[in-house]
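S.K.: Got a structure here, written out as structure tokens. Questions coming.
The values are calculated or read from the model by the stated rules, or taken from the named source; none is laboratory data. In this text the structure is predicted, and so the values were computed from the model without any measurement. Here the Cβ is made from the backbone with ideal geometry for all residues, glycine too, and neighbour counts use every protein chain on show. For accessibility, only protein heavy atoms count, side chains too; no ligands or nucleic acids. Shrake-Rupley method; radii C 1.70, N 1.55, O 1.52, S 1.80 Å.
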Amino acid sequence: LFTKLPHFAQLDPDVFAVSVCTVDGQRVDFGDAEHYASMQHISSVVSYLIALEQNGTDVVSSYIGTEPSGKQYDSLELKDGIPHNPLITSGSLMS
């Protein structure tokens, strides 16, 4: 459980849900979907995928690497002048 921020330290670690929305707007929820969730770092995935779709792999990979960094999610470290990984802070800022 992520406890770096006080709000997250208070959350129940047993709450889990998955929601699926189809392209035509149908939605199905599984688990504890009535609980609100923060998008926090999942937004990094969405931003990265949008960047890939709009610009293509060649362009995006010239700004963001695709290797595991071995660093914490909030790392601002660069490798050869670009972020190692799109899912750590430095990579998500670039997308």
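S.K.: Using θ = phi - 60° and the Karplus form 6.51 cos²θ - 1.76 cosθ + 1.60, what ³J(HN,Hα) does each residue of region 54-70 get, whole Hz, x for Gly and Pro?
M.R.: Residue by residue, region 54-70 yields 7, 10, x, 4, 4, 5, 4, 5, 7, 10, 9, x, 10, 9, x, 8, x Hz.
S.K.: Follow-up. Taking a probe of 1.4 Å, how large is the accessible area per residue of the chain, in Å²?
M.R.: The answer is 77 Å² per residue.
S.K.: Among A51, Q72, A17, pick out the residue whose Cα is farthest towards the positive end of the charge dipole of the chain, where Lys and Arg carry +1 and Asp and Glu carry -1 on C-beta, about the Cα centre.
M.R.: In the chain, that residue is Q72.
S.K.: Cβ neighbours within 10 Å, averaged per peptide: list 31-43, 48-60 in order, most packed at the top.
M.R.: 48-60, 31-43
S.K.: What list of ³J(HN,Hα) values in whole Hz, one per residue of region 4-14 in order, does the Karplus curve 6.51 cos²θ - 1.76 cosθ + 1.60 (θ = phi - 60°) give from phi, with Gly and Pro shown as x?
M.R.: 5, 9, x, 4, 6, 5, 8, 6, 7, x, 8
S.K.: Still on this structure, I have one more. Using the Karplus curve 6.51 cos²θ - 1.76 cosθ + 1.60 with θ = phi - 60°, what ³J(HN,Hα) values do you get for each residue of region 81-89, in whole Hz, with x for Gly and Pro?
M.R.: Once θ is set to phi - 60°, the couplings for region 81-89 become x, 10, x, 5, 9, x, 9, 9, 3 Hz.
S.K.: How big is the shadow of the Cα convex hull of region 50-94, averaged over all directions, in nm²?
M.R.: If I average the Cα hull's projected area over directions, I get 2.8 nm².
S.K.: Quick one: pull the percent of accessible area on the chain belonging to carbon and sulfur, 1.4 Å probe, ligands and nucleic acids left out.
M.R.: Summing carbon and sulfur atoms, their accessible area is 57 percent of the total for the chain.
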